[in-house]
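Q: A single structure is presented below for examination.
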There are 2 protein chains.
Amino acid sequence: MGQVKSITKKSEDISAWYNDVIARAKLAEHGPVRGTMIFRLLGFALWEAIQKTLDTKIKDLGAQNAYFPLFIPLSFLQKEQSHVKGFSPELAVVTHGGGEKLTEPVVVRPTSETIMYDAFSRWIESFRDLPLVINQWSNVVRWEKRPYMFLRTTEFLWQEGHSAHATNEDAQKMADGALKMYVDFYQNTLALYGYAGKKSETEKFPGADTTLTYEILAPDGKVIQACTSHNLGQNFAKVFKVEFQNEQGEKKLVWQTSWGLTTRSIGAVILAHGDDNGLVLPPQIAPLQVVIIPIISKGVDKDAILKMAGQAFGILEGNNIKVKMDDNDQSPGWKFNQYELEGVPLRIEIGSTELKDKSFRVVRRDNKDSFSFKLETIGFEIQQLLSTMQKDLLAKHKDFTLENTRQADTYEDFKKIMSATKGFIEAFWCEDASCEEKIKSETKASTRCFPLDGIKVEGKCIVCGKKSTRRWLFAQSY
Amino acid sequence: MGQVKSITKKSEDISAWYNDVIARAKLAEHGPVRGTMIFRLLGFALWEAIQKTLDTKIKDLGAQNAYFPLFIPLSFLQKEQSHVKGFSPELAVVTHGGGEKLTEPVVVRPTSETIMYDAFSRWIESFRDLPLVINQWSNVVRWEKRPYMFLRTTEFLWQEGHSAHATNEDAQKMADGALKMYVDFYQNTLALYGYAGKKSETEKFPGADTTLTYEILAPDGKVIQACTSHNLGQNFAKVFKVEFQNEQGEKKLVWQTSWGLTTRSIGAVILAHGDDNGLVLPPQIAPLQVVIIPIISKGVDKDAILKMAGQAFGILEGNNIKVKMDDNDQSPGWKFNQYELEGVPLRIEIGSTELKDKSFRVVRRDNKDSFSFKLETIGFEIQQLLSTMQKDLLAKHKDFTLENTRQADTYEDFKKIMSATKGFIEAFWCEDASCEEKIKSETKASTRCFPLDGIKVEGKCIVCGKKSTRRWLFAQSY
């Protein structure tokens, strides 16, 4: 009873609210080893729903699933210089196995480029073997000094796609295609608007030529890097000797990509859509889309109400809607709170009024709008409402993002915005790492990306005044 | 061309045959760290098919999926004495994380009882929270000194179910139910006959009161432990303080079970069903059930043949059969070999004879029986044939198992059988660990189980002559 009341208000302290929602909706818990996380039932159900939708899209990209070992010899990582440099500070190292000290320490995979491409070098012989596109669903470990539920955890779950191609153009097409898939997934499944763009040299993946990203704004004005897609060029092909014989019979190095999306996507959903009453789940990803609550009060024909509830249940299930009827003996008020906390998109109530009217009262989780539907059309109406709610959530998040994307033409303006509202700032930058570093150390804002639909214009770097040809997006990030 | 020819004959050297099939059908490869394994496309597709079928059955048992961390503090394992004793020799230990030596070493999970039950102790408050049944799909690590593809690997994939109950009876029912689910899965999905039974005290899981098992015979007379289901009693509940308040308001310890099935099930399928031409996959688990091969020779109406092939494809796909048409330019003979190697249950050929007859030639992978079907009935006929083949594979493996289950009334007989044919031996044993150990050290055969349907009879231990009330099953194991 009343447990919902003890959630911190989102507007008052978003960080405390976030932890409250995660605990009360039983999404997750801290693991005993610092930085690790237990995915509880609802938290893991969200990941299963993400996997189900995304796996189909990944296969549509031409990928097939495989599974590579968790343990990678340290020497593999050391082959690509920027790769090992980037990942060294985050590695978990196994030094003992089977009761003995290992002759070579092995690392717990932080990502699988090295172990996969070692295999690619054996698997690929000729141009007929290309493109090779492999996807893996797995856990990975990157030691996290500032852990944050879902968004930064030492162990996380993800998919990592890896490909090899005959030309750089083909590789770039793959990297673009993967990013497009992610953008579609974020917008149409998770209802999260964001900016797709290219990372700066400083922010790109260690070992990549270029990194594409999708950046999502959270309500506190900080930004979540929601996925990445890398054109690896021939950097790994060179050191792992991933070669193919082309149609002219010549040995050539392949061109490669890798791209991934992680369980931090769940953190983005919680943060962006949730409200003071708890989670708000986009219908496309909700493990439970509709809950039916019969309201039995004294003097009401219980059997007739349960019959109506049963009919609605049957129709909705027949329409492939994820529906549950809750007729246990908790009070309706308690149930309303509970399902709001858990973010169930629609609630159907059937009480004495509804019985008299032969109608169903339907309440939307996101904006509390209520509707009255008849049995004859309830399947269609609920489908429509789920679809409308899905679109509204995206539109709302898009509005919020655009409202919080500001231009700064001077460094003074930039600093003012970043200390007040935060959010995205579009600003000219000369693309020198030193100016980028100065901005980061003074304002905590880093370059997020150069938007893919950004236009070329003339301007001056807000720090050094040197010529710049495009506005980059800056923000503080999670 | 002709790559199939280089497979070792199964009857000549089953171990070499096994490795050949795994390599040529691209099921798996050794990973760079000794004992680890790369699941290639077909190998992983088999695991995905197993997961899909088993996940539904697991949810029917009342379980829901969650995910617990890979890293477990060493101190957690040390809480249950027999548990840590059993797993210590197999642990992988992480001593460094994020560039620093860890204050407490963490182990990579060999199984998740300890980390899960620590959480259960927080999650369970009253009898209303029971039973709690959680399942996890994950990777686990047990350092393997004698690795063998699929059957014994340092890292393997599995599901582990864990439950907590108010009474020992409820726990035993769960353990029995899980075993029953596995037996059903092995027999009806993987077409593998075996013996369900109880493990000896020596062979049971470290930390369990009793362990149930399903034991499968491979063609070389050695046995595969195919899954286990443990009644853990209150052993873990005691040390992790997993308590609940009963209906009388008293604090009580819960009763627990755990049960798992791993990627070694794929090894059992390969070994038991395969033949000199490669894999033979039971239709229920085959990622590809039917391949259609148009045979285009000179002077034949190519378009008419392709049209027939296309019609068959459409009908089969409409019947939810996993079907592929292969009309690339390799020779039919090469294709036949290739799909036999990969174990595709049925092959449909359409050449000049079939065109003339308006019929389809269908060949079964397992026994090479061929059939001629008309277009009008092909959907139904293929469904039937897949179902017949599924049953025949189980019947064949059952016959093989029964033929290779022998009784030995004296230790001399026992040793003779074990050095000649191997297989299962039913023998009286006094249930003393010393007699069990003597048999193992002298014949390599261990107790596999006391069959659940075994009857009580009077006899004498084949080693010491002491009274015994039941025959145990012995075998050499993988």
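Q: Report, by residue number, each residue of the range B:387-409 that is surrounded by 13 or more Cβ atoms within 10 Å (Cβ to Cβ) and either in a loop (DSSP other than H, G, I, E, B) or more than 21 Å from the chain's Cα centre (by Cα) (or both).
A: B:Thr388, B:Asn404, B:Arg406, B:Gln407, B:Ala408, B:Asp409
Yes/no matrix, rows are residues, columns are (1) closer than 13 Å to B:Pro283 by Cβ; (2) among the β-branched types (Val, Ile, Thr); (3) assigned to a strand (DSSP E or B); (4) in contact with a Phe, Trp or Tyr (Cβ under 9 Å, 6 or more places away or on another chain):
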site	(1), (2), (3), (4)
B:Gln330	no, no, no, no
B:Trp334	no, no, no, no
B:Asn337	no, no, no, no
B:Val344	yes, yes, no, no
B:Glu349	no, no, yes, yes
B:Thr353	no, yes, no, no
B:Asp366	yes, no, no, no
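Q: Quick check on this structure: which one of A:Ile270, A:Ile348, A:Ile266, A:Ile296 is aliphatic (A, V, I, L, M), at pLDDT 95 or above and more than 30 Å from A:Val140 (Cβ to Cβ)?
A: A:Ile348
Q: Just wondering, is there one or more residues in the range B:432-453 that are outside any strand (DSSP E or B), under 22 Å from B:Val183 (Cβ atoms), over 24 Å from the mean Cα position of the chain (by Cα) and modelled with pLDDT under 95? Walk me through it before giving the result.
A: As a first pass, look at the range B:432-453 and keep what is outside any strand (DSSP E or B): B:432-445, B:452-453.
Subset that is under 22 Å from B:Val183 (Cβ atoms): B:452-453.
Add one more test, that the residue is over 24 Å from the mean Cα position of the chain (by Cα), and what stays is none.
Within the range B:432-453, not a single residue is outside any strand (DSSP E or B), under 22 Å from B:Val183 (Cβ atoms), over 24 Å from the mean Cα position of the chain (by Cα) and modelled with pLDDT under 95.
Q: Which pairs do you get when a residue that is farther than 10 Å from B:Val323 by Cα, found in the range B:342-355, comes within reach of a residue that is basic (Lys, Arg), reach meaning Cβ atoms under 6 angstrom, with the pair 6+ apart or on two chains?
A: From residues that are farther than 10 Å from B:Val323 by Cα, the pairs are B:Pro345/B:Arg365; B:Glu349/B:Arg361; B:Glu354/B:Arg361.
Q: Also: Which one of these does B:Ser163 not meet: (1) assigned to a strand (DSSP E or B); (2) surrounded by fewer than 24 Cβ atoms within 10 Å (Cβ to Cβ)?
A: So the condition that B:Ser163 fails would be (2).
Q: Please determine whether any residue of the range A:160-181 is within 20 Å of A:Ile285 (Cα to Cα) and within 14 Å of another protein chain (Cβ to nearest Cβ).
A: Scanning the range A:160-181 turns up no residue that is within 20 Å of A:Ile285 (Cα to Cα) and within 14 Å of another protein chain (Cβ to nearest Cβ).
Q: Does B:Ser88 fit the bill of being among the hydroxyl-bearing types (Ser, Thr, Tyr), in contact with an Asp or Glu (Cβ under 9 Å, 6 or more places away or on another chain) and farther than 30 Å from B:Lys173 by Cβ?
A: Working: among the hydroxyl-bearing types (Ser, Thr, Tyr): yes; in contact with an Asp or Glu (Cβ under 9 Å, 6 or more places away or on another chain): no; farther than 30 Å from B:Lys173 by Cβ: yes.
The answer is no for B:Ser88.
Q: Among B:Pro105, B:Pro69, B:Pro89, which is within 11 Å of chain A (Cβ to nearest Cβ), part of a loop (DSSP other than H, G, I, E, B) and free of Cβ contacts under 8 Å to residues at least 60 places away in the same chain?
A: Only one candidate passes the filter, namely B:Pro69.
Q: Would you point out the residue of the range B:32-49, among those that are facing another protein chain (nearest Cβ under 9 Å) and among the aliphatic types (A, V, I, L, M), that is surrounded by the fewest Cβ atoms within 10 Å (Cβ to Cβ)?
A: Only one residue tops the list, namely B:Leu41.
Q: So, in the range A:6-31, of the ones that are of a type in the set (Lys, Arg) and either within 11 Å of chain B (Cβ to nearest Cβ) or assigned to a helix (DSSP H, G or I) (or both), which residue ends up farthest from A:Ser163 (Cα to Cα)?
A: Step one: list which residues in the range A:6-31 are of a type in the set (Lys, Arg), which gives A:9-10, A:24, A:26.
Filter again for either within 11 Å of chain B (Cβ to nearest Cβ) or assigned to a helix (DSSP H, G or I) (or both), leaving A:24, A:26.
On the way: A:Arg24: 41, A:Lys26: 37 Å.
Looking at the filtered set, the residue picked out is A:Arg24.
Q: Give the range A:137-159 a look and list any residue that's within 19 Å of A:Gln51 (Cβ to Cβ) and either of a type outside the set (Ser, Thr, Tyr) or away from every other protein chain (no Cβ under 14 Å) (or both), or say none.
A: A:Trp137, A:Asn139, A:Val140, A:Phe150, A:Leu151, A:Glu155, A:Phe156, A:Leu157, A:Trp158, A:Gln159
Q: Here's something else I'd like to know. Only one of B:Tyr186, B:Tyr193 is in a helix (DSSP H, G or I) and either over 23 Å from B:Leu77 (Cβ atoms) or under 13 Å from the mean Cα position of the chain (by Cα) (or both). Can you tell me which?
A: Among B:Tyr186, B:Tyr193, only B:Tyr186 is in a helix (DSSP H, G or I) and either over 23 Å from B:Leu77 (Cβ atoms) or under 13 Å from the mean Cα position of the chain (by Cα) (or both).
Q: Given the criteria free of Cβ contacts under 8 Å to residues at least 24 places away in the same chain, in a helix (DSSP H, G or I), surrounded by fewer than 20 Cβ atoms within 10 Å (Cβ to Cβ) and more than 7 Å from chain B (Cβ to nearest Cβ), does A:Lys52 qualify?
A: In short, yes.
Q: Got at least one residue in the range A:111-131 being assigned to a strand (DSSP E or B) and buried (at least 17 other Cβ atoms within 10 Å of the Cβ)?
A: No, that holds for no residue.
Q: Taking B:Ala63, is it surrounded by 18 or more Cβ atoms within 10 Å (Cβ to Cβ), closer than 27 Å to A:Thr263 by Cα and more than 10 Å from chain A (Cβ to nearest Cβ)?
A: When the stated conditions are applied, B:Ala63 passes them.
Q: Exactly one condition in (1) closer than 27 Å to A:Glu104 by Cα; (2) of a type in the set (S, T, N, Q); (3) modelled with pLDDT of 95 or more is not met by B:Asn135; state its number.
A: For B:Asn135, the failing item is (1).
Q: One residue is enough: does the range B:137-157 have a residue meeting the conditions at positive phi and in contact (Cβ under 8 Å) with a residue 40 or more places away in the chain?
A: Yes, the range B:137-157 has at least one match.
Q: A further question on this structure: So B:Lys57 fits all but one of (1) touching an Asp or Glu at 6+ places or on another chain (Cβ under 8 Å); (2) of a type in the set (Lys, Arg); (3) not in a helix (DSSP H, G or I); what number is the exception?
A: It is condition (3) that B:Lys57 fails.
Q: Of the residues that sit in the range A:75-86 and are more than 10 Å from chain B (Cβ to nearest Cβ) and not polar (S, T, N, Q), which one is farthest from the chain's Cα centre (by Cα)?
A: First pass over the range A:75-86, keeping only residues more than 10 Å from chain B (Cβ to nearest Cβ): A:77-86.
Add one more test, that the residue is not polar (S, T, N, Q), and what stays is A:77, A:79-80, A:83-86.
Values: A:Leu77: 26, A:Lys79: 30, A:Glu80: 28, A:His83: 23, A:Val84: 25, A:Lys85: 26, A:Gly86: 22 Å.
In this case the residue turns out to be A:Lys79.
Q: Taking only the range A:412-427 into account, find how many residues are among the β-branched types (Val, Ile, Thr) and crowded, with 18+ Cβ neighbours inside 10 Å.
A: 2
Q: Being surrounded by fewer than 19 Cβ atoms within 10 Å (Cβ to Cβ) and not aromatic (Phe, Trp, Tyr) narrows it down to one of B:Leu232, B:Leu306, B:Leu217, so name that one. Give the derivation first.
A: Values: B:Leu232 fails: surrounded by fewer than 19 Cβ atoms within 10 Å (Cβ to Cβ); B:Leu217 fails: surrounded by fewer than 19 Cβ atoms within 10 Å (Cβ to Cβ).
Only one candidate passes the filter, namely B:Leu306.
Q: For B:Ser126, indicate whether it is more than 8 Å from chain A (Cβ to nearest Cβ) and farther than 30 Å from B:Leu217 by Cβ.
A: yes
Q: Something else about it: Using beta carbons and a limit of 7 Å, which pairs, at least six apart or on different chains, have the first residue in the range B:292-304 and on the phi > 0 side of the Ramachandran plot and the second one in a strand (DSSP E or B)?
A: So the pair list comes out empty.
The values are calculated or read from the model by the stated rules, or taken from the named source; none is laboratory data. The shown structure was predicted, so the numbers you read here are calculated from the model rather than taken from an experiment. No Cβ is skipped: glycine too gets one built from the backbone with ideal geometry, and neighbour counts run over all protein chains shown.
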